[in-house]
Amino acid sequence: MRMSNGLVELEDARARVLEHTRLLPAEEVPLADALGRHLAQPVSAPAPVQGFDNSAMDGFAVIAADTAGARPENPVALRVAGESRAGRPAGRRLERGQAMAISTGAMLPEGADAIVRIEAASVEAETVELTAPVRPGADVRRAGEDIAAGEQVLEAGARLGAAEVGVLAAVGAGEPACRRRPRVAVLTTGDELRRPGVALEPGTAYDSNSFTVPALARGAGAEVTSVGWTNDEGGPTRKAIARALKADVAIVCGGVSVGVHDHVRGALAALGAEERFAGVALKPGRPALFATAGETLVFGLPGNPVSAMVTFVLLVRPALIAMQGGAPDAHRIAALLATDYAKPPGRAHALRCSLELSAGGWVASPAPAQGSHVLTSMLGADCLAIVPSAATHVPAGGGVEAELVADALAGAAP
Ligand code: AMP
Ligand code: MG
């Protein structure tokens, strides 16, 4: 829905992006490389985990009934009959009056129903002496206590973190089917931009979006296939964008506004891209635009360093996650604003905030400087608190929705 000021509401912009987002194909990924990927299919355990009754302790497998009468003044002596080691089951049955040496994780021999811890046994030659009874089941881990045979352990779309890759390994899934990573091309624009490391001439500035935007894209699971730059001329802008359109997602930073040297919209039109919206009721981030060119999603993000990051988090990240089958809204929380906030109606404000847990819930404290050029306001930001476009005032302690960004800002290796 377009508002009277010609801008699209943030929620509508986001919905429109997701509407044009397609699921990427699945591919099998060696488990060691699967961190950060999203599962294409649910994963179930073909067999129980663990696969057999086993010992939780180093000690002796026994028949609990044999130990029933054990007292300090009346010890029970059991004859040691073999050993069950981790990975090397004894392969024989435990008979009455016997104990079998056993290691943590080793298979419980048939006939045994309890473990006597090594600390509770005195061993002499071929005999173990016990001074206390053990109850049936003591220190025995039953087959399937963690995962039952056939049980689904992870859903389609699940993002694979350390715990998830561990569980996949535990069920033997060595090459899980994952969504392909979205291929992202990043293009920055601006005559004034210089690579960090070179000397600045008057009127020039370092290109930070070439670093923040690829970092954010990788953090959202994307493969960044190119990071380019173009000057503020129509022809070169068109050529550079044409190259970027080969990716699944092209992200152009800067030059998306209405200035005479802003060529991105014109270039996209010339290239036959279909503009889906241009202008979002959002501060920072008003000039953000979204277009499609065939299957390629094209985002035009404002050049201001904070605006680029904020619009990435609110509009591009959900698309990248959805393309991988993940939940695009998984990063939303409810929070209380720490301080009074007043603004004119017409645009939603995305406030860079730190988060602290209070008795009443998460409290979001806005960074003191909220200008779209104040990149340092992103340092230590935990969330973007969203003050809705129609709101003119949120009192201290008032409820807001917040988009968690700490993960997004943490970065990820290419
Ligand atoms: P633009 O969106 O091109 O009008 O740029 C808005 C502001 O953001 C200007 O002050 C630009 O110098 C600045 N800017 C644009 N691109 C970048 C970039 N890649 N890195 C840092 N600042 C930028
Ligand atoms: Mg510019």
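The values are calculated or read from the model by the stated rules, or taken from the named source; none is laboratory data. Bear in mind the structure is a predicted one, so any value in this text is a computation, not a measurement. Glycine gets a Cβ as well: all are built from the backbone with ideal geometry, and neighbour counts include every protein chain shown. Keep in mind that these areas ignore ligands, DNA and RNA; they rest on the heavy atoms of the full protein, side chains included. Shrake-Rupley method; radii C 1.70, N 1.55, O 1.52, S 1.80 Å.
Looking across segment 102-154, the residues that are part of a loop (DSSP other than H, G, I, E, B), more than 22 Å from ARG85 (Cβ to Cβ) and open to solvent by 60 Å² or more (accessible area, probe 1.4 Å) come down to THR131, PRO133, ARG135, PRO136, ALA149, GLU151. Look at segment 184-203: where a residue is among the aromatic types (Phe, Trp, Tyr), no partner that is outside any loop (DSSP other than H, G, I, E, B) and loosely packed, with under 12 Cβ neighbours inside 10 Å sits 6+ places away or on another chain with Cβ atoms under 6 Å. For GLY360, the conditions (1) more than 30 Å from SER208 (Cα to Cα); (2) open to solvent by less than 30 Å² (accessible area, probe 1.4 Å) are fulfilled apart from (2).
The set of residues in segment 219-259 that are under 28 Å from ALA34 (Cα atoms), in contact (Cβ under 8 Å) with a residue 60 or more places away in the chain and within 16 Å of ligand 2 (Cβ to nearest atom) contains only ILE251. Of all residues in segment 354-374, those that are within 16 Å of ligand 2 (Cβ to nearest atom) have Cβ atoms under 8 Å from Cβ atoms of residues that are in a loop (DSSP other than H, G, I, E, B) and open to solvent by 50 Å² or more (accessible area, probe 1.4 Å), 6 or more apart or on another chain, in SER372/ASN304; HIS373/ASN304.
When we screen LEU271, LEU216, LEU282 for residues that are open to solvent by 30 Å² or more (accessible area, probe 1.4 Å), closer than 29 Å to GLY6 by Cβ and away from ligand 2 (no atom under 16 Å from the Cβ), the only hit is LEU271. Residue check: is ASP262 in a loop (DSSP other than H, G, I, E, B), acidic (Asp, Glu), in contact (Cβ under 8 Å) with a residue 40 or more places away in the chain and buried (at least 16 other Cβ atoms within 10 Å of the Cβ)? Taking the combined requirement at face value, the residue does not satisfy it. Would you confirm whether any residue within segment 57-69 is outside any loop (DSSP other than H, G, I, E, B), within 28 Å of the chain's Cα centre (by Cα) and not acidic (Asp, Glu)? The answer is no, given that none of the residues of segment 57-69 is outside any loop (DSSP other than H, G, I, E, B), within 28 Å of the chain's Cα centre (by Cα) and not acidic (Asp, Glu).
In segment 195-213, the qualifying residues are those that are open to solvent by 60 Å² or more (accessible area, probe 1.4 Å) and either in a strand (DSSP E or B) or touching a Cys at 6+ places or on another chain (Cβ under 9 Å) (or both), and the one that is nearest to ligand 2 (Cβ to nearest atom) is TYR206. Restricting attention to segment 285-302, report how many residues are within 16 Å of ligand 2 (Cβ to nearest atom) and either touching a Leu at 6+ places or on another chain (Cβ under 9 Å) or in a strand (DSSP E or B) (or both). So the count comes out to 8. Count of segment 164-183 residues, restricted to those that are open to solvent by less than 20 Å² (accessible area, probe 1.4 Å) and free of Cβ contacts under 8 Å to residues at least 60 places away in the same chain, is 0. Can you say whether GLY51 is assigned to a loop (DSSP other than H, G, I, E, B) and either within 29 Å of ALA121 (Cβ to Cβ) or aromatic (Phe, Trp, Tyr) (or both), as far as the supplied structure shows? So GLY51 fits the description; yes. Taken over segment 73-101, the criterion of being surrounded by fewer than 20 Cβ atoms within 10 Å (Cβ to Cβ), in a loop (DSSP other than H, G, I, E, B) and not small (Gly, Ala, Ser) is satisfied by GLU73, PRO75, PRO89, ARG92, ARG93, GLU95, ARG96. Within the bounds of segment 311-321, is there any residue that is within 16 Å of ligand 2 (Cβ to nearest atom), open to solvent by 10 Å² or more (accessible area, probe 1.4 Å) and in contact (Cβ under 8 Å) with a residue 40 or more places away in the chain? Checking segment 311-321: not a single residue is within 16 Å of ligand 2 (Cβ to nearest atom), open to solvent by 10 Å² or more (accessible area, probe 1.4 Å) and in contact (Cβ under 8 Å) with a residue 40 or more places away in the chain. Scanning segment 377-401 for residues that are hydroxyl-bearing (Ser, Thr, Tyr) and surrounded by 13 or more Cβ atoms within 10 Å (Cβ to Cβ), we see that the one that is nearest to ALA288 (Cα to Cα) is SER389.
Here ALA348 meets each of (1) modelled with pLDDT of 95 or more; (2) out of contact with any helix residue (DSSP H, G or I) (no Cβ under 6 Å at 6 or more places or on another chain) with one exception, condition (2).
Considering every residue within segment 283-306, establish whether at least one is touching a His at 6+ places or on another chain (Cβ under 9 Å), within 22 Å of HIS20 (Cβ to Cβ) and within 16 Å of ligand 1 (Cβ to nearest atom). Yes; the residues of segment 283-306 include at least one that is touching a His at 6+ places or on another chain (Cβ under 9 Å), within 22 Å of HIS20 (Cβ to Cβ) and within 16 Å of ligand 1 (Cβ to nearest atom). Of the residues in segment 207-219, none is on the phi > 0 side of the Ramachandran plot, away from ligand 1 (no atom under 11 Å from the Cβ) and of a type in the set (Gly, Ala, Ser).
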